[in-house]
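Read the structure below first, then the notes.
Coordinate-derived values only; no laboratory data. Since the model is a prediction, treat every value here as computed from it, not as a measurement. Cβ atoms come from the backbone with ideal geometry, glycine included; neighbour counts cover every protein chain shown.
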Amino acid sequence: MMPLPTSPSSSPRLLRSNSSEWHAVVQQRNVRSSLLLLLVLSTVFVFSVLYSSHGFGATTADQALTQRQSTDHGAIDRFVPGQEEADEPTVVPAENNEVPEQSLPSDISLPSANTSTAPAVPASSRGRAEQTGDQSSAGAAHAEEKCDLSIGKWVREPRGPVYTNLTCPTLPDFKNCQKYGKDPGHLFWRWLPDGCDLPRFAPERFLDVARGKTLAFIGDSLARNQMESLLCLLSQTETPTDVYRDAFDKFRTWHFPGHNFTLMVMWTEFYAHGVPVLGADGKPTPSFDIHLDRLNANWTSRLPGLDYAVISGGNWFFRVNYLWEDGRRIGCVNCREPGLTDFGIAYAVRRVVRAALEAIARCRDCKGGLVTFLRTYTPDHFEHGSWFSGGYCNRTRPLEEGEISSQSIGWELRRVQSEEVTRVRETAGSTSFELLDVTKAMMLRADGHPGGHYDKRWVRNASDCLHWCLPGPVDMWNGMLLQRLAHISPQPLL
């Protein structure tokens, strides 16, 4: 057989040459492919790291709160829209002399939740601080200072409250909800801040921290509510002595002789000088003339001698009130009168809070170590009416976060109060001003009011969805106060 002719390209020499070139090309392609694959994997890794870092940072308490509360579900928020205060009877519970507040339409954005304190310290950081031997107490104090007690949730507390309506000898009937048949479910909750804890109130610890001191609650009937709560809490350790009350029971003084601790309450509706507006019949109406440039001397004259002052307020500004300055009327709040500027509730609250804080900062006769706390605004929870028009608050558990209205004016009043505390600290060059931010916690506690559970011999056909049952959620305010006092005046560990 004749051998097949060989083509030039199939010669052994050419085959070897082409094979070498082909392998070189393949290797180059493999290298390029490997490099491209490595580049893609590196890019994916970098983006995954950046994404996870961003995701972690976005879970701060402030952003989580803003996201959760950005939707308005039309939850309970003050009174029925359009309800006029003038249509309400002026008869109110004798103890507090509060009148119905009205709802005003307002487009208020949800404020930052971390305006008062720095972000919480992670548990791992606190653990490392606690393991440093002699630095353990300093580390705990640092963690406590950094923890934002205002952000958290209500969780079940099977132990119930520190005291009961039977173990508090000073409990007033208007707050004794259990005596008048209220469901006890509201008693078994406690406030749990995000990232830290608010310890159960310890009466002995409070009295030790406040030994030899004088503390006063300054404000309206909700300031009185907090004083009554603290009185009940502390009476579990020591029986107080009733030292003084004025003719109208607006100024009270109690003393705990075993610890030389004095507890006071001072009444003021506006901090500023307020005069009831008289009607055509010469009788006082629910309205007031508020003199923005004059503080009420009934409380300012009592500032000397105090070691701690807790001021609060805001609810009386929901009336139809008139604002005065330099001896003339400059406007109003809620008046809707032609030719008269309605400055709004937040403006009036800011003016009087600023004046009160500046007066305390300038007080020459006050103690050098005076510490002033401003407790933020707390809302009512009336549903389907008001005090005397069928309103009620019969919830049996705290609200869910989604039920808090992001349009509530309570957020704006809280922001105003927080800003004024920051302002006075900067302008006065003093850190002796603190914020007790309880607004969010109390917005959730629609279940904690007396409602109709009080002694009907004094007031009939009324519902109280503004003040707080005792025991009840208001006790948390004093737990927060104890934490701040303990940080300011730490006691040696036993």
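What the table shows:
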{"quantity": "Test: residue in segment 272-291 that is hydroxyl-bearing (Ser, Thr, Tyr) and touching a Lys or Arg at 6+ places or on another chain (Cβ under 7 Å)", "calculated": "yes"}
{"quantity": "Residues within segment 438-487 that are part of a helix (DSSP H, G or I) and in contact with a helix residue (DSSP H, G or I) (Cβ under 7 Å, 6 or more places away or on another chain), tallied", "calculated": "12"}
{"quantity": "Some residue of segment 249-266 being touching a Leu at 6+ places or on another chain (Cβ under 8 Å) and β-branched (Val, Ile, Thr)", "calculated": "yes"}
{"quantity": "Scope segment 189-206; condition assigned to a loop (DSSP other than H, G, I, E, B) and surrounded by fewer than 22 Cβ atoms within 10 Å (Cβ to Cβ); matching residues", "calculated": "194, 195, 196, 197, 198, 199, 200, 202"}
{"quantity": "Enumeration of residues in segment 425-437 that are of a type outside the set (Asp, Glu), part of a strand (DSSP E or B) and farther than 24 Å from residue 466 by Cα", "calculated": "433"}
{"quantity": "Pick from segment 261-284, criterion closer than 19 Å to residue 323 by Cβ and without any contact (Cβ under 8 Å) to a residue 12 or more places away in the chain, ranking: nearest to the chain's Cα centre (by Cα)", "calculated": "284"}
{"quantity": "Filter result (β-branched (Val, Ile, Thr) and in a helix (DSSP H, G or I)) within segment 355-378", "calculated": "360"}
{"quantity": "Selected residue [small (Gly, Ala, Ser) and closer than 22 Å to residue 467 by Cα] from 160, 212, 195", "calculated": "160"}
